[in-house]
Amino acid sequence: MTIDTKDMLNSILSSISRIDYVRPDDIPNIDLYMDQVTTFMEKELASSKRHEDDKILTKTMINNYAKNNLLPPPVKKKYSKEHLLIMIFIYYFKNFLSIKDIETMLEPITDKYFDTDQDFDITSIYKEVCELEKSRIPEFEKEIIRSYNSSKKCFDEAPEDDRDSLQLFAFICNLSFDICFFVFDFHKSDSLEYHVISVITVIQRTIHTTDRCC
């Protein structure tokens, strides 16, 4: 089996370089009904789909998030800008965390900063986290290249016909290990500060959903 892993690496790096986030200014300043929320999220996060028929967010998902205390309840069946920002966090977290873990992450944040009169609020947190992640992209690209180069040194003694596929397998395992290791550490600690550090590290090491290998 012949695999052009160099093209695959270039594709991954190209996708990483295009990583962006939904800016708060792009979210309507008016409260939205559920249908409007799902339409907005479908449009803004469409590039993160792996398959065309994947659903970004459904009414059932939103109801479950509220039921499981991940999302503050709507006001008169309408969702604010801050609701949408929390949904975006949930959308990315659910790729590698359980619902319970996401609740652990978000509950202290929403309890203190959601719908507050203070200048520092959910929007402030969202902006700062996204800017942090954007700033780490060059470092992340280097880490991907290091993982790729390490995998190419594996399986020297394997049959030549299988070597490419085994090296690709090693590359995927290497990337997956980073994610699984930090999620495992997340489960070992009851400290919110430790949880935050672990999850941020996972995010920094995770390939964009469109091209993730794990």
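If you take the beta carbon distance between Glu157 and Ser11 as r and set R0 to 30 Å, what does 1/(1 + (r/R0)^6) give as a FRET efficiency, to the nearest 0.05?
0.55
Starting from the amide H of Tyr79, placed 1.01 Å from N in the peptide plane, find each other amide H under 5 Å away whose residue is 5 or more places distant or on another chain.
For Tyr79, the qualifying residues are Leu32, Tyr33.
Kindly rank 147-157, 77-87 from highest to lowest mean number of other beta carbons found within 10 Å of each residue. List each step's numbers first, then the result.
Working: 147-157: 14.3, 77-87: 20.1.
Descending mean neighbour count gives 77-87, 147-157.
Order of 123-132, 98-107 by packing, highest average Cβ count within 10 Å first?
On the way: 123-132: 15.2, 98-107: 16.8.
Listed from highest to lowest mean packing, they are 98-107, 123-132.
Could you give the nm distance between label points at Gln36 and Glu52, where each point is 7 Å from its Cα heading toward the beta carbon?
3.0
Beyond a 30 Å Cα-Cα separation, which of these cross-linked pairs lie in this structure: Lys67/Lys134; Lys81/Lys142; Lys43/Lys152; Lys78/Lys112; Lys100/Lys142; Lys43/Lys67? Walk me through the numbers before you get to the answer.
Details: Lys67/Lys134 32 Å; Lys81/Lys142 35 Å; Lys43/Lys152 38 Å; Lys78/Lys112 21 Å; Lys100/Lys142 33 Å; Lys43/Lys67 25 Å.
Flagged as over cut-off: Lys67/Lys134; Lys81/Lys142; Lys43/Lys152; Lys100/Lys142.
None of the figures in this text is laboratory data; all of them are computed from the coordinates on show. Everything numeric in this text was worked out from a predicted model, so none of it was measured. Because the Cβ atoms are built from the backbone with ideal geometry, glycine has one as well, and the counts that use them run over all protein chains shown.
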